Amino acid sequence: MAVSTAFTTGEAIIEAFERLLTTPEKVDGPRITSAKRSIRLLLEEWENDQVKLWNVVSTTTTTIDGTATYALAAGAIDLLEIYLRRSGIDTPISVMSRSEYFGIPDKDEEGRPTRVWVDRSTDPPTMYPWPVPENSTDVFVYNYIDSFNASTSPSGTPDLSRGWQEAFIAGLTAKLAEKWARPLLGEKTALATIAYRKAKMGERERADTRMVIRRRAC
């Protein structure tokens with residue numbers, strides 16, 4: 001579940017303009033409209049860059065006997081990982097490429113799905129499992145990347161975790177500098193880059209790395 005930033009969109013816009021030495025009373029209609037466009041573009045850039053851990057959602061879909069296509073959940077951008085649950089046991093399904101899927105001679109062959117191709121050109125993306133499910137009792141268990149809630153209402157909040165507040169406002173400041181304060185563009189772009197890198201470092205999954213050394217039998 002995403003955790004909203006402490007800043008509303010309106011507060012973030014004011015903060016960004018103040019960093020450009022623009023006082024709140026001068027943040028008029030055209031500037032607010034400009035900021036709303038920049039917010040949408042900024043979040044789209046982040047979506048295209050890489051996975052953000054707070055926007056990973058888990059869900060399930062029950063198979064349908066003989067059905068070859070399954071839409072991901074509404075708002076999904078891409079599939080991360082998927083398992084087939086049968087009798088309470090989860091078995092990993094590998095994600096294949098478009099060329100691998102189209103190279104399968106019999107795409108209607110039924111059986112226990114072991115691979116899946118995801119067509120990202122549809123909205124939401126569409127899964128093509130292979131073999132095609134052989135029953136209506138198995139369950140696809142998968143994690144997907146959810147789209148950002150790019151709220152541009154002044155009272156709304158962008159769909160961000162707390163650790164990304166500074167990166168969001170710094171990024172918005174840089175985008176607004178390009179349009180409203182060109183002399184500050186270089187400085188604000190550099191600060192936005194630093195804030196973004198720090199946020200990315202902070203979102204890494206903190207799991208222990210285990211190394212196992214196996215002895216070879218003589």
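The values are calculated or read from the model by the stated rules, or taken from the named source; none is laboratory data. Owing to the predicted nature of the structure, the values given are computational and were not obtained by experimental measurement. Reconstructed Cβ throughout: ideal geometry from the backbone, glycine too, with neighbour counts over all protein chains shown.
Details
- One residue stands out among those in region 120-144 that are at pLDDT 95 or above and either outside the structural domain of residue 63 (by TED's automatic domain parsing) or of a type in the set (D, E, K, R) (or both): the one that is surrounded by the most Cβ atoms within 10 Å (Cβ to Cβ), which is 138.
- Check on residue 173, hydroxyl-bearing (Ser, Thr, Tyr), over 16 Å from residue 49 (Cβ atoms) and part of a helix (DSSP H, G or I): yes
- Criterion applied to 169, 93 was being in the same structural domain as residue 75 (by TED's automatic domain parsing) and under 22 Å from the mean Cα position of the chain (by Cα), and the one residue passing it is 93.
- Residues in region 53-70 that are touching an Asp or Glu at 6+ places or on another chain (Cβ under 9 Å) and modelled with pLDDT of 95 or more: 62, 63, 65, 66, 68, 69.
- Residue check, residue 186 surrounded by 17 or more Cβ atoms within 10 Å (Cβ to Cβ) and at pLDDT 95 or above: no
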